[in-house]
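The values are calculated or read from the model by the stated rules, or taken from the named source; none is laboratory data. The model shown is predicted, which means the values in this text are computed figures rather than measured ones. Please note: Cβ atoms are built from the backbone with ideal geometry, for glycine as well, and neighbour counts cover all protein chains shown. Heads up: the accessible areas ignore ligands, DNA and RNA and are worked out on the full protein's heavy atoms, side chains in. Shrake-Rupley method; radii C 1.70, N 1.55, O 1.52, S 1.80 Å.
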Amino acid sequence: MKIKTLIACFILACAASSCIQDEALNSEAAIDACTGDDVRLANINADSKVIYVYVNKGADLSKQKLEFVVPEGASIKINDQAAGDTESTYDFSEKPHSRKFTVTSEDGQWKPVYTVNVVLAELPTSFSFEKLLSSNDYDIFYESQRGTSQEISKVLQWSSGNPGFKLTGMANSKTDYPTVQVANGFRGKGVKLETRDTGSFGAMVKMYIAAGNLFIGIFEVGNALTDPRKATNFGFQFYKRPKMLKGYYKFKAGDVYSVEGKPQDGVRDKCDIYAVMYEAENNSVMLNGDDVFTSDKLVSLARIKPEDVVESDQWINFEIPFEPVKGRVIDDTKLQNGKYKLGIVLSSSVDGAYFKGAVGSTLYVDEVELICED
């Protein structure tokens, strides 16, 4: 009996060892996030494999300590040299301040190459929507300014829900996305935000519409289906006291307002335009679609009132003052130390984050400006 028992145990041990050896290795290869001592924001385009990392305007580009988040078992290299434990110090001082990184999946089958660009940035106060990044399936806006050497430099990239809409398969071209550039802005080009039908895919996941939106912050496509309001993260470090948000808009509501895919009689859609100033004790703090109006970190809010929204095919000037939230004030010391963030958000449906709105609701916006105290 003892010999039989030993043989049985040996067979079971071999079988268990075989199962462990045969377990499939992870085939994921991507850069999911990037952080660092100087990093204020990192916009990652999973489609084009291009990353823009925005760092403090006074940061030393020759010594950028970056930490990359990659899938389990994956490794990352720069110029054929291992990047350590996904965290190292890199030299981005040579123009155009970009380096290429290769991510290798655990099973070794996938090796995408990412271009990482590091940008010295400070949140601008005027936004014209004239510039787009190239080679993308959908429009990605960025703001630029002319430097001391008269060269045009990229200042800050806008985010939108376009990457999430791509998952629906409803877009056959760039113009089918909810957020697109248009040639006939108030001055030059502008942005068009349109609430779109998400089709059978959207109905399956109970996300029946996608509002056109544009915001300063990060869209985390990984949360788009599981926790969509937390996919939109708002804000960038800001050192000024905002007084007013101003600009120009045109809006037309769609014909049929719906909630959870069901038409609602007598309800007219509204657009949304707002800016928030909030306290962020460290760079990881970001308000999102869930808590942007309820967080105890919110200090100041400028938001268009629903009753002030005018439907018109003519450009309308808006001037929205910043109002303190629950009597909170901006602390001078914290402001100087970069402990506040500001986000601007535009949407074609005011409750689009809750999948309430009208397909076809369209908002045009151009020449947005933050008026700040001297």
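Summing charges over neighbours of residue 122, with a neighbour being any other residue whose Cβ is under 12 Å away from its Cβ, gives +2 when K and R count +1 and D and E count -1. If I take R0 = 41 Å and measure r between the Cβ atoms of residue 256 and residue 48 in this structure, what FRET efficiency does the formula 1/(1 + (r/R0)^6) give, to the nearest 0.05? The computed FRET efficiency comes out at 0.70.
For the stretch 28-75, the share of accessible area belonging to carbon and sulfur comes to 42 percent (1.4 Å probe, ligands and nucleic acids excluded). Less than 5 angstrom separates the built amide H of residue 40 from those of 54, 55, 56, all sequence-distant by 5 or more or on a different chain. Approximating the spin labels as points 7 Å out from Cα along Cα→Cβ, the residue 60-to-residue 171 distance works out to 4.1 nm. Pairs exceeding 32 Å between alpha-carbon atoms, taken from 192/230; 63/189; 131/305: 63/189. Using 0.36 nm per residue and subtracting the Cα-Cα separation, the extra length available between residue 69 and residue 137 on full extension is 22.0 nm.
Count Lys and Arg as plus one, Asp and Glu as minus one, and take only other residues whose Cβ is under 15 Å from that of residue 46; the net charge is then -3.
Proximity of backbone amide H atoms, modeled 1.01 Å from N, is registered between residue 217 and 159, 235 at under 5 Å, excluding neighbours fewer than 5 places apart on the same chain.
Relative contact order for the stretch 38-79: what percent, with Cα pairs under 8 Å and sequence separation of 6 or more?
31 percent
Loop-resident trypsin sites (Lys or Arg not before Pro) (DSSP state other than H, G, I, E or B) in the stretch 165-248 with no more than 10 further Cβ atoms inside 10 Å of their Cβ: 206.
Amide H contacts of residue 144: 155, each under 5 Å away and 5 or more positions distant or on a separate chain (H built 1.01 Å from N in the peptide plane; Pro and chain starts excluded). Over the chain, what relative contact order in percent results from Cα pairs under 8 Å that are six or more residues apart? Relative contact order of the chain: 16 percent. Placing one equal scatterer on every Cα of the stretch 171-237 and applying the Debye formula, the log10 ratio I(q)/I(0) at q = 0.13, 0.21, 0.23, 0.28 Å⁻¹ is -0.46, -1.02, -1.13, -1.27. In order along the stretch 187-197, the Karplus-derived 3J(HN,Hα) couplings, from 6.51 cos²θ - 1.76 cosθ + 1.60 at θ = phi - 60°, round to 9, x, 8, x, 10, 10, 10, 10, 6, 10, 6 Hz, and Gly and Pro are given as x. Between helix 2-22 and the chain there is an angle of about 40 degrees, using the helix long axis and the longest principal axis of the Cα atoms.
Only helices enter the 222 nm calculation for the chain: every DSSP H run of n ≥ 4 contributes -39,500 (n - 2.57), and dividing by all residues gives -3000 deg cm²/dmol, rounded to 500.
Computed 3J(HN,Hα) for the stretch 335-345, one whole-Hz value per residue from the Karplus formula 6.51 cos²θ - 1.76 cosθ + 1.60 where θ = phi - 60°, is 5, 5, 8, x, 9, 10, 10, 10, x, 10, 10, glycine and proline marked x. Accessible surface computed residue by residue for the stretch 229-374, with neighbouring protein chains in place and a 1.4 Å probe, gives 47 Å² per residue. Rounded to whole numbers, the Karplus 3J(HN,Hα) couplings from phi for the stretch 355-367 are 6, 10, x, 10, 4, x, 4, 10, 10, 9, 9, 7, 6 Hz, using 6.51 cos²θ - 1.76 cosθ + 1.60 with θ = phi - 60°, and x at Gly and Pro. Sorted from greatest to least, the principal axis extents spanned by the alpha carbons of the chain come out as 89, 55, 42 Å.
What length, rounded to one decimal in nm, is gained on full extension from residue 32 through to residue 268, with 0.36 nm per residue of separation minus their alpha-carbon distance?
Going from the current span to full extension adds 81.1 nm.
The value obtained for the stretch 260-365, namely the Cα convex hull volume divided by the number of residues, is 133 Å³ per residue.
Listed by chain and number, the lysines whose alpha-carbon sits under 16 Å from that of residue 111, ignoring those within fewer than 8 places in the same chain, are 49, 77, 100.
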